[in-house]
Amino acid sequence: MATAALLFSPWPRFCGASAAALLPPALAGPRRNYSQDVSDSQYLHRSLVPTMHYQKSLPRLPIPKLEDTIRRYLNAQKPLLDDAQFRKTEQLAVNFRDGIGRELHEQLVAQDKENKHTSYISGPWFDMYLRARESVVLNFNPFMAFNPDPKAEYNDQLVRATNMTVSALRFLKTLRAGFLEPEVFHLNPSKSDTQAFKRFIRFVPSSLSWFGAYMVNAYPLDMSQYFRLFNSTRLPKLSKDELFTDESKRHLLVLRNGNFYVFDVLDRDGNIVAPSEIQAHLKYIISDSSPVPAFPLACLTSENRDTWALLRQELLENGNQEALTKVDSAIFCLCLDDFPIKDLNHLSHTMLHGDGVNRWYDKSFNLVLAKDGTAAIHFEHSWGDGVAVLRFQNEVFKDSTQSPAIAPPSQPAAVDSAAAVQKLSFKLNDALKEGIAKAKQNFDATVKTLTLEAIQFEKGGKEFLKRQKLSPDAITQLAFQVAFLRQYGQTVATYESCSTAAFKHGRTETIRPASVHTKKCSEAFVRNLPKHSAAELQQMIAECSKFHNQLTKEAAMGQGFDRHLYGLRHLAESTGIPLPDFYQDQAYAQINHNILSTSTLSSPAVNIGGFAPVVPDGFGVGYGVHDNWIGCNVSAYPARNVQEFLQCVHKALEDIFSVLEGKLDSK
């Protein structure tokens, strides 16, 4: 099994007041203690505070002042443009700020005031994802792999698949019953993460509960996305897809060798079926020797969305409605692969895209288990961000390893799995067969071009950097800037995701790590190292850290510029206003062509995660800063050299740490 622990993933961190410290409990270290342990095997726990207790009183995502947005935008453009380009972009930005931009901003503010139940970015953001016509594979869907079960014998594929399925169902029941502990970020857990506080806050009306938490430095997070975890699928439609959820359904979808199986995992009363029965049904599926279908239907979910929409319509008209409804409404999709994982790169490729045959990429998530029990979550991104998925992953890992439903010696129940498990069959005409063959051909050609590589830098990490009073995230981001400058001789648009889940219906905001400070520092390291003393370089590094911290805090508080500018553009387009010159500026297109797309998180449940580049000539950079080491998992297409970039990242980190240790080597 692949067991290295490169802890990171493709989604937003929660960032805020103290950049180094601010991760919500679900994203940082061991889980908190629950309000009340329960022996009831149907639930993970029973929270004293109802799951959605804080939702009603969450603060609303602020719309930044237009002047602040333009100032921040120009600051981010400065390191990317020469003087002449910058002057042109600055003039367009000022004209926008004082003209049509002001009108759009006022309209956006007025619209926001009339929609107090949500955030100004929620609608446009769903729209952006669902209107995208590219394949969801590589372009949107990321993965996070679980750490192995600490008890080796529990990593058997059948045992682990059974235990994880039962834990996932416990999560579902705990969430739907309102027993799941609310997601809260505790700045002072000794005051707010206590039984006494929970007993108090549960009696505060939900319209005021957020304020009660705020008084003790606790920040509840938005949980509006959680319901989409289960019984949900993205349905392909011409021009704009739809999200479908049917919480009444009780069956699990299992894929193995491209064959589809369904069986009920909840009984008529909504209780979880006996784990030994689930184990028996999964054993029956694993023992089915059916070959991969000649025309594996799942490939269609990897297609261009309009192509897939037309083929889905063909499927429905060809008598497949019942089977497709079973797929779409299943609680989730469990994918059982019939090969073991060889190494970290094989793990990344398997969980990020696989072979196109044994995944239903449109499901809210696929729980994938290789033959050796290596497990991962691969998820569709339109319905939500990483906060909900990671909470789910943490809870499933904790429950399946600490309170497993079955033990390795236990035997499956003596039940008639042949009667309980339905193997779905699909009626395919020539047009569908041709569509599937073409989808598989396109999929194979695309994934063949993707490279994924991982490294670990072991000369230091979070502990050393904090002793230097530096932000570990800022220093890692600086290393990416130094590395890219060394490899390609330029500073390029860089994206770091940050969650705005502290606000009602918050999604994400962008941190822009490429700044005038990182550019100056990168040039010193790459081009002028002998000209600078260690003290001068240390000062430059400190300036980078300070500025990055500021950007991080602003983004977490909804005070970036990217979402605001996107909201204004979306408003113009949706109301038929001609696209302002500001958005037609080449520099605007360039800053949104994110060559370095980066994201980080760490969790005791996660081994490694990853995502593909967001542009053909980009890098997808997942990373994690640990106590004494730093891990990176990087993807690219042929336009970029991953191995060379990682060598440059390693050298950049070595140089930065040497400078900080006072061991400057200017060779």
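Just one of (1) under 17 Å from Gly560 (Cα atoms); (2) out of contact with any Cys (no Cβ under 8 Å at 6 or more places or on another chain) trips up Glu509, so point out which.
(2)
Tell me the helices (runs of 4 or more DSSP H) entirely within segment 116-228 that contain at least 2 residues that are within 22 Å of the chain's Cα centre (by Cα), farther than 30 Å from Thr350 by Cα and not acidic (Asp, Glu).
Details: elements: 122-131, 157-176, 189-192, 195-201, 209-215.
Ranges flagged: 122-131.
Do you know which residues across segment 290-308 are charged (D, E, K, R) and either touching an Asp or Glu at 6+ places or on another chain (Cβ under 7 Å) or assigned to a helix (DSSP H, G or I) (or both)?
Arg305, Asp306
Can you name every residue in segment 229-253 that is in a strand (DSSP E or B), aliphatic (A, V, I, L, M) and either farther than 23 Å from Leu180 by Cβ or open to solvent by less than 10 Å² (accessible area, probe 1.4 Å) (or both)?
Within segment 229-253, the subset in a strand (DSSP E or B) is 232-235, 242-245, 251-253.
Checking the rest, the ones that are also aliphatic (A, V, I, L, M) come to 235, 243, 252-253.
Across segment 229-253, the qualifying residues are Leu235, Leu252, Leu253.
Determine whether segment 401-408 contains at least one residue that is surrounded by fewer than 16 Cβ atoms within 10 Å (Cβ to Cβ), of a type in the set (Gly, Ala, Ser) and either more than 23 Å from the chain's Cα centre (by Cα) or modelled with pLDDT under 95 (or both). Lay out the reasoning, then the answer.
Pass one, segment 401-408, residues surrounded by fewer than 16 Cβ atoms within 10 Å (Cβ to Cβ): 402-403, 407-408.
After this cut, where a residue has to be of a type in the set (Gly, Ala, Ser) as well, the list is 403, 407.
Narrowing further to those that are either more than 23 Å from the chain's Cα centre (by Cα) or modelled with pLDDT under 95 (or both): 403, 407.
Checking segment 401-408: at least one residue is surrounded by fewer than 16 Cβ atoms within 10 Å (Cβ to Cβ), of a type in the set (Gly, Ala, Ser) and either more than 23 Å from the chain's Cα centre (by Cα) or modelled with pLDDT under 95 (or both).
From the list Ile70, Ile100, Ile63, which one is at pLDDT 95 or above and in contact with a Pro (Cβ under 8 Å, 6 or more places away or on another chain)?
Exactly one residue qualifies, and that residue is Ile100.
Do you know which of the residues in segment 375-384 that are out of contact with any Leu (no Cβ under 8 Å at 6 or more places or on another chain) and either open to solvent by 10 Å² or more (accessible area, probe 1.4 Å) or not in a loop (DSSP other than H, G, I, E, B) (or both) is nearest to Asp241 (Cα to Cα)?
Of everything passing the filter in segment 375-384, His381 is nearest to Asp241 (Cα to Cα).
Looking only at segment 443-467, how many residues end up being open to solvent by 70 Å² or more (accessible area, probe 1.4 Å) and touching a residue at least 60 places away in the same chain (Cβ under 8 Å)?
Total meeting the criteria: 4.
Restricting to segment 520-571, and then to whatever is buried (at least 21 other Cβ atoms within 10 Å of the Cβ) and among the hydroxyl-bearing types (Ser, Thr, Tyr), can you tell me which residue is farthest from the chain's Cα centre (by Cα)?
Ser522
Condition test on Thr598, is it among the hydroxyl-bearing types (Ser, Thr, Tyr), within 20 Å of Pro64 (Cα to Cα), open to solvent by less than 40 Å² (accessible area, probe 1.4 Å) and under 25 Å from the mean Cα position of the chain (by Cα)?
no
Among the candidates Ser348, Ser302, single out the residue that is more than 22 Å from Asp264 (Cβ to Cβ), buried (at least 21 other Cβ atoms within 10 Å of the Cβ), out of contact with any strand residue (DSSP E or B) (no Cβ under 9 Å at 6 or more places or on another chain) and of a type in the set (S, T, N, Q).
Ser302
Show the residue pairs that are 6+ apart or on different chains and have beta-carbon atoms under 6 Å apart, the first residue being within segment 79-95 and more than 27 Å from Leu478 (Cα to Cα), the second being part of a helix (DSSP H, G or I) and at pLDDT 95 or above.
Leu92/Asp581; Leu92/Phe582; Ala93/Ile70; Ala93/Leu74
Residues of segment 254-289 being in contact (Cβ under 8 Å) with a residue 60 or more places away in the chain, in a loop (DSSP other than H, G, I, E, B) and over 31 Å from the mean Cα position of the chain (by Cα), which ones?
Across segment 254-289, the qualifying residues are Ala274, Asp288.
Name the residue, out of Ser192, Ser167, that is out of contact with any Lys or Arg (no Cβ under 7 Å at 6 or more places or on another chain) and at pLDDT below 95.
Working: Ser167 fails: at pLDDT below 95.
Only one candidate qualifies: Ser192.
Check off (1) touching a strand residue (DSSP E or B) at 6+ places or on another chain (Cβ under 8 Å); (2) among the aliphatic types (A, V, I, L, M); (3) open to solvent by 20 Å² or more (accessible area, probe 1.4 Å) for Ala177 and give me the number that stays unchecked.
(1)
Restricting attention to segment 64-91, which residues are of a type in the set (A, V, I, L, M, F, W, C) and either open to solvent by less than 30 Å² (accessible area, probe 1.4 Å) or outside any helix (DSSP H, G or I) (or both)?
Leu66, Ile70, Leu74, Ala76, Leu80, Leu81, Phe86
Let me confirm something: among Phe203, Phe211, which residue is open to solvent by 20 Å² or more (accessible area, probe 1.4 Å), aromatic (Phe, Trp, Tyr) and without any contact (Cβ under 8 Å) to a residue 60 or more places away in the chain? Walk me through how you get there before you give the answer.
Details: Phe211 fails: without any contact (Cβ under 8 Å) to a residue 60 or more places away in the chain.
After ruling out the rest, the residue left standing is Phe203.
The values are calculated or read from the model by the stated rules, or taken from the named source; none is laboratory data. As the structure is a computational prediction, the values presented were derived from the model and not from experiment. Glycine also receives a Cβ, built like all others from the backbone with ideal geometry; neighbour counts cover every protein chain displayed. Note: accessible area is taken over every heavy atom of the protein model, side chains too, but ligands, DNA and RNA are not part of it. Shrake-Rupley method; radii C 1.70, N 1.55, O 1.52, S 1.80 Å.
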